[in-house]
Amino acid sequence: MNNLLTRRKLITASAIGAGSLLSGCDSLSRSPAFQNILGSAENANFLVQRALGDRLELASEYSIKDLSPKFRANGTRDPGTADYTASAAQGFADWQLRLTGLFGKPQNFSLAALLSMPQRTQITRHDCVEGWSAIGQWTGVPLKLLLDLAQLQDKAKFLVFHCADRLGGRPYYESIDLLDAFHPQTIMAHRLNGEAVPIENGAPLRLRVERQLGYKHAKYVTGIEAVATLDNIGSGKGGYWEDVANYEWYAGI
Amino acid sequence: MTDTPERKALRHRLTTRLWHWINALCLLVLLMSGLTIFNAHPRLYWGEYGANGDYAWAAVGSSQTLGYVRLGETKVETTGFIGNWRDSEGEIQTWAFPGWATIPSYYSLADGRRWHFFFAWIFSIGLAFFMIRSLFNRHVQNDLHINRSEWRPSHILRDIKNHLRLRFHDDGGVNIYNILQKLSYIGVIFILLPLMIFTGLAMSPAMDANWPWLTDIFGGRQSARSVHFIGMFLLVLFFIVHMITLLLAGPFKQTWAMITGGERKESGHE
Ligand code: HEM
């Protein structure tokens with residue numbers, strides 16, 4: 001074994017390695033093909049996490065003494081449009097939740113109608129993709145009740161949540177599959193910690209889909225569209241952050 | 001002296017070598033993409049919840065003029081390195097960890113997470129494979145197992161003294177690792193690395209529904225995040241010590257041995 005040769009090889013190799021690693025990672029990060037390879041971990045996460053539990057396993061619930069002193073808001077803190085501001089001024093009395101798309105009986109629900117339906121209250125932990133968590137008490141209508149009333153069709157595979165807010169000029173939206181849609185903890189929430197949901201947290205209606213990260217929990221929800229595919233919504237990746245910044249559609253981790 | 005009828009024994013088996021290098025790559029990518037993720041919220045808490053209004057036991061502070069790290073009540077200024085640093089264009093950036101330490105080098109939480117979870121899979125499968133394989137090929141029992149005589153305080157003391165005198169040696173002919181090496185390798189492979197996987201999973205809201213006990217073991221999601229960070233820090237410390245001992249024991253020969261297998265020696269000293 002020629003020691004000198006190996007030494008030189010080692011040194012050059014490690015120098016090239018260190019230098020190209022950094023710039024290499026950046027160009028790889030920008031390459032769509034490589035993004036797809038990295039993104040394949042999402043499929044693995046999705047399959048394994050769904051396979052590991054009972055598919056209707058509940059997220060942990062807490063007690064009043066566990067509540068965060070302040071429930072942090074993120075993303076849009078006030079949609080600020082003329083319509084929204086006018087609606088807020090009258091306590092969202094005119095707010096409508098429109099169920100459209102693949103329903104046997106598409107229909108609208110007013111806030112008052114939603115409040116008169118059976119409710120679920122849950123104290124859960126909200127985990128943001130950024131890393132922080134907040135515990136809050138949410139009250140709302142189980143989504144399943146709305147889907148049954150509007151007679152969700154068999155062709156439907158996803159629910160798209162349309163929102164009143166825009167980020168960077170694009171409307172915010174999110175989507176979930178039917179397993180999460182019919183999960184007992186999936187509710188259209190209108191109360192946080194015993195009060196009407198504050199504007200910064202998504203007044204008057206926000207989705208709670210407890211086993212996923214915060215960006216899935218659409219705020220200011222105006223409509224629920226049942227679809228067979230997500231291809232024709234937004235840029236086709238199933239959500240605002242998924243479209244603009246490559247966040248994963250499945251946000252279980 | 002070493003001549004036996006069989007082929008010369010390798011110092012490191014193929015599985016050990018393969019795993020060593022794949023694992024080294026995974027750890028580097030996990031570290032650097034983890035720092036990108038950390039930059040999204042450079043604060044650490046104990047318990048289930050923790051956000052900007054809550055007390056963080058560790059936090060990075062940043063402004064256009066100053067960067068600092070706060071641990072408990074102690075602030076250490078880190079301007080130029082953490083919380084306030086210049087990028088390759090000379091612009092001041094106020095993300096916690098600097099671009100040269102993160103993947104990607106620009107801030108993108110989504111990309112950092114993609115890198116992290118992709119390599120988390122390779123790392124976890126590799127670690128599981130290596131652990132099982134090392135039990136079956138008796139790498140653990142033969143090379144890492146610490147026997148009675150090695151546990152004797154006098155033996156440990158002698159080994160510590162030798163290390164302090166910067167004398168690194170294989171322990172006679174039978175062992176390829178000495179006791180301190182064995183202890184640190186066992187600690188890293190069987191405790192620290194699995195801990196990274198479990199604290200990582202404990203932060204997942206879906207896993208929390210599947211396996212609530214996992215998050216509970218660590219005392220809540222934010223505690224798991226803190227332990228994940230501390231584990232990362234301990235791995236970096238291990239790496240530094242690993243590099244120092246490597247330098248002192250003969251970097252080229254040792255690295256070459258980890259690539260080609262090297263050979264098992266009979267005599268003690270380098
Ligand atoms: C062993 C090498 C690893 C290193 C050095 C590492 C490092 C890091 C760092 C520095 C962070 C930033 C936040 C924090 O410190 O808690 C992070 C975040 C994270 N890591 Fe790892 N990690 C490793 C392995 C893993 C594995 C195997 C998994 C998957 C099971 C994982 C899952 C996560 C998750 C989910 C986050 C996001 C936490 C958040 O939202 O802030 N990590 N990692």
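The values are calculated or read from the model by the stated rules, or taken from the named source; none is laboratory data. A quick note: this is a predicted structure, and the numbers were derived from the prediction, not measured. Note that we place each Cβ from the backbone using ideal geometry, even for glycine, and neighbour counts take in every protein chain shown.
Among the listed residues B:Gly72, B:Gly83, B:Gly67, B:Gly53, identify the single one that is surrounded by 18 or more Cβ atoms within 10 Å (Cβ to Cβ), outside the structural domain of B:Phe238 (by TED's automatic domain parsing), away from the ligand (no atom under 16 Å from the Cβ) and closer than 22 Å to B:Phe229 by Cα. The match here is B:Gly67. You will find that of B:Ile22, B:Ile103, the residue that is within 25 Å of A:Tyr215 (Cβ to Cβ), β-branched (Val, Ile, Thr) and within 16 Å of the ligand (Cβ to nearest atom) is B:Ile103 and no other. Against the condition of a type outside the set (Gly, Ala, Ser) and closer than 28 Å to A:Ala251 by Cβ, how does B:Ile189 come out, does it pass? Criteria not met by B:Ile189. Looking across segment B:115-149, not a single residue is closer than 30 Å to B:Phe38 by Cα, in contact (Cβ under 8 Å) with a residue 24 or more places away in the chain and in contact with an Asp or Glu (Cβ under 9 Å, 6 or more places away or on another chain). Is it the case, given these coordinates, that B:Ser88 is away from the ligand (no atom under 12 Å from the Cβ), modelled with pLDDT under 95, in a helix (DSSP H, G or I) and of a type in the set (Gly, Ala, Ser)? So B:Ser88 does not fit the description; no.
Evaluation of A:Glu200 against the conditions (1) more than 14 Å from chain B (Cβ to nearest Cβ); (2) under 23 Å from A:Gly80 (Cβ atoms) shows that the sole unmet condition is (1). Entry remark, segment B:76-100: residues being under 22 Å from the mean Cα position of the chain (by Cα) and within 14 Å of another protein chain (Cβ to nearest Cβ) number 5 in total.
Among the numbered conditions (1) within 23 Å of B:Gly200 (Cβ to Cβ); (2) in contact with a strand residue (DSSP E or B) (Cβ under 7 Å, 6 or more places away or on another chain); (3) without any contact (Cβ under 8 Å) to a residue 40 or more places away in the chain, the only one that A:Phe109 does not meet is (1).
Scanning segment B:106-119 for residues that are near the ligand (Cβ under 10 Å from one of its atoms) and not hydrophobic (A, V, I, L, M, F, W, C) returns B:Gly112, B:Arg113, B:His116. In segment B:202-229, the qualifying residues are those that are at the interface with another protein chain (Cβ under 8 Å from one of its Cβ atoms) and aliphatic (A, V, I, L, M), and the one that is surrounded by the most Cβ atoms within 10 Å (Cβ to Cβ) is B:Ala206.
Only a single item in (1) within 13 Å of chain B (Cβ to nearest Cβ); (2) buried (at least 18 other Cβ atoms within 10 Å of the Cβ) is not met by A:Thr139, and it is number (1).
Residues in segment B:17-46 that are small (Gly, Ala, Ser) and more than 9 Å from every other protein chain (Cβ to nearest Cβ): B:Ala24, B:Gly34.
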